[in-house]
Amino acid sequence: MGMCLPCLGGGPEDLVETPDPEIRRKQLAEAAEKRQKEVTNRGIKNPEAVERKKKKQEEVEKQILTSSKSGEGGGLKWQVG
């Protein structure tokens, strides 16, 4: 029974300091960013390669859109005669 008494005393070593709200907010943001990155890369062996492929695909799509817009006036012409 004497072993429970130190737990009930609540000595100063049991006191947990809460960090400054600014620091806490920063820590929470970093943790959320880390979790998001882990979820995004789950099951992918090489996430950098996936990002490169994605960017290349976006560039190709953008190039197709710009080439189709500029080619609207230069298509087939109808001649009635």
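Every number in this text was worked out from the coordinates using simple rules, so none of it is lab data. What you see is a predicted model; the values in this text were computed from it and never measured. Note: ideal-geometry Cβ built from the backbone for every residue, glycine included; neighbour counts use all protein chains shown.
Below is a table of values for the structure above.
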| item | result |
| --- | --- |
| Hits among lysines - C-alpha to C-alpha of LYS37 under 23 Å, sequence gap 8 or more where chains match | LYS26, LYS45, LYS53, LYS54, LYS55, LYS56 |
| Projected label distance in nm at ALA29 and LYS45, using a 7 Å step from Cα toward the beta-carbon | 3.7 nm |
| Among 19-25, 46-52, the order from most to least packed when residues are scored by Cβ within 10 Å on average | 46-52, 19-25 |
